[in-house]
Amino acid sequence: MTLTKALTGLALSAFLMGTAAFAGEIVINSDQSDPTPKKAMEELIADFQVKYPDITVKWNNFDHEGYKAAIRNFLTADPPDVAAWYAGNRMEPFVKAGLFEDVSDVWAANGLDDQLKSAASSMTIDGKKWGVPYTYYQWGIYYRKDLFEQNGITPPKNWAELLAASEKLKAAGIAPFAIGTKALWPTAGWFDYLDLRVNGYEFHMDLTAGKIPYTDPRVKAVFEKWAELVKPGYFIENHAAIDWQDAIPQMVQGKAAMYLMGNFAVATMKDGGLTEDQIGFMQFPEITAGIPMSEDAPTDTFHIPAGAKNKEDAKVFLAYLASPEAQAKMNATLGQLPVNNQSAKPTDTFLEAGFTMLSNAHALAQFYDRDAPAEMAKAGMEGFQEFMVKPDDIDRILERLEKTRAKVYK
């Protein structure tokens, strides 16, 4: 291996400090047990080994639930050199416990502050970067383009336009929004976006980190905006009795016009009979003027454990993982989006729209049930669903959530 190749992706200073040639083994632990992620990871490792033949990769692949249960134990007792996890508040406990390595040097040496800038805030704690994001997917409002055209509606850019469009659709006998809340989590997408648009990303992250009471007037303001859709009946009826997929036929049959959901819903819409020409995608509209547009984009990441035995070669792997080419190839297999804004744009219409939106986002939230601890997320989503059925109970619901917050974030 030439010196030039050996230095690819690493800070020169690391080499000058006497780092040995890139010889050795890195151990990677991850949870890509489903067929598609497993294939993407196999391709990534194979390509990495071609580029860096002096680094041997040992890959330990776990199932999702087993991995979540095991990660804290292996980070403490027998850390690998690289470990898969998630961004934002899901990452923070391991950072605060001293179990993840600061990889700010990898970001600096590879121009990642620019190339991965939309995800930078969700990878930063105490001014340092603690991992590398490699895949995410967009949330937003999917809508029936033909129904919009038939009713003289253009995609709303702000809250007033969204309310006007909803009123027009309702008058035409069409439910503005499909949703299924039996499984609770679709309500979290609504709460996230309303809070991100009413109060902004920084407030939202402080709330999900337990730093703001749920009885704060700014939180109540989020629900008051939500009520402007709930009280006029702008969501389909009986949504608490159905799962998210069960609401798709309402879109297919033209009984509902919009759906706030992740991009994975497109395949279900197409399977139900909608053509690509019938489906549109739009960013969740602005509510408070001047607040930068942040998005929900659950982000998967890799980290170097603090106790890793081969941190220098692990940094080579993270730098490779962060590259535009590696991210484009991985996400073509995954059917998701590269975080690197220099990656080739996806050819899929909806992924291309999501790539542009997320690449220009102010910041990325990870979704309520990732950003908040499990007990708080469960109580929060129960409260969101209850609010959508009984919007007049807002004060009682928020008081209950505040009691949970006081208990969870001790």
* Structure fact -> If we take region 219-335, then helices (runs of 4 or more DSSP H) inside it with 3 or more residues that are outside the structural domain of Ala171 (by TED's automatic domain parsing) and of a type in the set (S, T, N, Q) are 324-334
* Can you pull out the residues in region 283-297 that are of a type outside the set (Gly, Ala, Ser) and open to solvent by 10 Å² or more (accessible area, probe 1.4 Å)? -> Gln283, Glu286, Ile287, Thr288, Ile291, Pro292, Met293
* Give region 163-184 a look and list any residue that's on the phi < 0 side of the Ramachandran plot and either touching a Cys at 6+ places or on another chain (Cβ under 6 Å) or surrounded by fewer than 18 Cβ atoms within 10 Å (Cβ to Cβ) (or both), or say none. => Ala164, Glu167, Lys168, Lys170, Ala171, Ala172, Lys182, Ala183
* To do: Give region 61-75 a look and list any residue that's surrounded by 14 or more Cβ atoms within 10 Å (Cβ to Cβ) and over 24 Å from the mean Cα position of the chain (by Cα), or say none.
  => Phe74
* Looking only at region 121-152, and only at residues there that are among the aliphatic types (A, V, I, L, M) and in contact (Cβ under 8 Å) with a residue 40 or more places away in the chain, the one that is surrounded by the most Cβ atoms within 10 Å (Cβ to Cβ) -> Val132
* Structure fact -> Counting only residues in region 186-197 that are in contact (Cβ under 8 Å) with a residue 40 or more places away in the chain and touching a helix residue (DSSP H, G or I) at 6+ places or on another chain (Cβ under 6 Å), the one surrounded by the most Cβ atoms within 10 Å (Cβ to Cβ) is identified as Leu196
* Asked: Is region 365-387 home to any residue that is hydrophobic (A, V, I, L, M, F, W, C), touching a strand residue (DSSP E or B) at 6+ places or on another chain (Cβ under 6 Å), within 13 Å of Thr208 (Cβ to Cβ) and in contact (Cβ under 8 Å) with a residue 12 or more places away in the chain?
  -> yes
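The values are calculated or read from the model by the stated rules, or taken from the named source; none is laboratory data. All figures in this text were calculated on a predicted structure; none of them were measured in a lab. We place every Cβ from the backbone using ideal geometry, glycine too, and count neighbours over all the protein chains shown. Side chains are part of the model used for accessible areas, which takes the heavy atoms of the whole protein and leaves out ligands, DNA and RNA. Shrake-Rupley method; radii C 1.70, N 1.55, O 1.52, S 1.80 Å.
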